[in-house]
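So the structure is just underneath, and the comments pick up after that.
The values are calculated or read from the model by the stated rules, or taken from the named source; none is laboratory data. Note that the structure is a prediction, hence the values are computed from the model and not measured. We place every Cβ from the backbone using ideal geometry, glycine too, and count neighbours over all the protein chains shown. Heads up: the accessible areas ignore ligands, DNA and RNA and are worked out on the full protein's heavy atoms, side chains in. Shrake-Rupley method; radii C 1.70, N 1.55, O 1.52, S 1.80 Å.
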Amino acid sequence: MQPTLFQTLPLSEAVLRAVADMQYDQTTEIQARTIPLLLEGRDVIGRSSTGTGKTAAFGIPAVERIRGDADVTPKVLVLSPTRELAMQISDEMRKYAKYKPGVRIATVYGGQPMPIQFRQLKTANLVIGTPGRVMDHMRRGTLKLGDLSMVVLDEADEMLNMGFYEDIQTILSEAPQERQTVLFSATMPPAIMKITKEFQKEPVLVAVDKGQRTLDTIEQSFYPAPLSQKMDALNLLLQHKEPNRSVVFCNTKKMVDELVDYLDRHGFAAVGLHGDMKQAARSKVMQDFKTGRVRILVATDVAARGIDVEDVDAVFNFDIPQEFAYYIHRIGRTGRAGKTGASYTLACNRAQVRRVKEIEQFVKAPILEKPLPTREEILQKRREAFTAKLARILEEGGEKAFADTLERLNAQGYSDRQVALALLARAAGRDGRAIPAVQAALIPALRREEGSFDSKKTYLRVNVGRNQKIAPNFIVGAIVDATGIPAKSIGKISIYNDHTQVELNRDDAKRVMDTMQNSKIRSHPVTFTPVDGTKPRSYRSRGEGRPYPGKKPRDFRGGRRKPADRKKGAGRA
């Protein structure tokens, strides 16, 4: 669909003036197709991902629905999965309503003092919030939904992933039957379809790019890196690429904290963002990142929802995302508004390389394998940049101001060449960040059949067991963290007094053997050895080999027990 000029849409002069101030000229596809439908009062399902302009697609019609001072109670409710996204939507809504009098916005989310929200809700006619805090205000009686005429669910799939399904049902049930219901989601799982059938009336589906963001403006690549030097590998990439503003994604809050600490110790200005932080700290982090006070933001996927910062040059996947859709959301932080961007992913073993190849098939765009930059390449790039800077100074005549300094050094017996070389040496040492030496990662090439593996089962013996207070989850966590093997691919785990046996398919067993020799589990050095052609010992055997004497053994099947495990003689997870 061809872009449409905002001026051709049936919008009020106040809103057109506001979008002109925002330098909006042409609509995006989701805006051109959605805004007219919402202005007509139709229910809409928008399938669109990050970076497509969906906030304006529902935000502009939402502001138009407010009749100014005539509306003294909430008329529009926007639900968002996270506080950051709620604040981002609120900021955009205020811009759309800049010249429209009587639009009063309240933003409600966890972590903010209640009295502030009470004051906002007393006069608000447009409310934006997270489901949990909206429910809280409903219970308190400080938010009444009886006069709502429009409800918007933004990033509905993420809200369901976070466990807000029942809250959404309750909120929509409390809203008037005669209302407009708008839903935006990157994916359409069954739970989303259930909501649309129950709470929408003849909705129109507006799908953009088949639910995926166009990635043509983003250069995607991945770098094999040894697990033990993963942070050093990121260090090399940051020093070589030198992004002006970048986001680094991790899968866990703990890794966010550890990585920020590492980057700070190695001369990078970085801040972290995750769900355990208090709201004041989260707000300060985002403000520092948006204003450019810090250039590197390290975040988890959920915490990064709602980050809408312009001019993000690069996205780094320190950890490979657990869901394909998360990859789209992550790299969608760069390459916006027609600008180019880049994404860099670290892969530490064969399983992770395979995962990258699966993502490549999912996004239908190449993710090129590249070697990590070397110390020599980084130094050469610095020298070239400094040479170009010197050339600009000479072209502009800036060196003349230091002519007397050069004459004094000449008088002391130093030649022009010696002075120049001394200055170059000093400039090279100004960047105090050491360049780490990272060993090349030796990752076996994938077989031609992508994603294939030997499904036959085998068993590995680990030299720790009940005497070392080992539990199945410790084994699973160590294997997942070190190899990237999904927890569901790990079979039965049988724990004995002095060792543990783990069931794996043969490919995964080899990966564990190659990766985890001499690693540690609960501070105990461990080795993995194959149990050739055998299954775990019989649970009825007597003597030292019997697991948990007098008790049933502890077995673990990929994270949960199956019904068959409850039979006589089976272990408990």
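Only residues that are open to solvent by 50 Å² or more (accessible area, probe 1.4 Å) and over 19 Å from the mean Cα position of the chain (by Cα) were counted across region 358-374, and they come to 8.
Of all residues in region 240-259, those that are open to solvent by 10 Å² or more (accessible area, probe 1.4 Å), farther than 22 Å from Gly484 by Cα and not charged (D, E, K, R) total 3.
Pairs linking a residue in region 255-273 that is more than 14 Å from Phe289 (Cβ to Cβ) to a residue that is modelled with pLDDT of 90 or more and open to solvent by 20 Å² or more (accessible area, probe 1.4 Å), with Cβ atoms under 6 Å and 6 or more positions apart or on different chains, are Tyr262/Met231. If the condition is being assigned to a helix (DSSP H, G or I) and over 18 Å from the mean Cα position of the chain (by Cα), then region 239-284 contributes Gln239, His240, Lys241, Asp261, Tyr262, Leu263, Asp264, Arg265, Gln279, Ala280, Ala281, Lys284. Between Glu178, Glu155, the distinction of being at pLDDT below 95, in contact with a Phe, Trp or Tyr (Cβ under 9 Å, 6 or more places away or on another chain) and either under 18 Å from Leu37 (Cβ atoms) or not aromatic (Phe, Trp, Tyr) (or both) belongs to Glu155 only. Annotation note: Cβ proximity below 9 Å between a residue of region 364-385 that is more than 16 Å from Leu236 (Cβ to Cβ) and a residue that is open to solvent by 60 Å² or more (accessible area, probe 1.4 Å) and assigned to a helix (DSSP H, G or I) (sequence gap 6+ or interchain) occurs for Arg383/Leu424; Arg383/Ala428. Among the conditions (1) within 25 Å of the chain's Cα centre (by Cα); (2) open to solvent by 40 Å² or more (accessible area, probe 1.4 Å), Ala156 misses just one, which is (2).
Against the test of being of a type outside the set (A, V, I, L, M), within 18 Å of His240 (Cβ to Cβ) and out of contact with any Cys (no Cβ under 6 Å at 6 or more places or on another chain), the options Gly335, Gly341 yield a single qualifying residue, Gly341.
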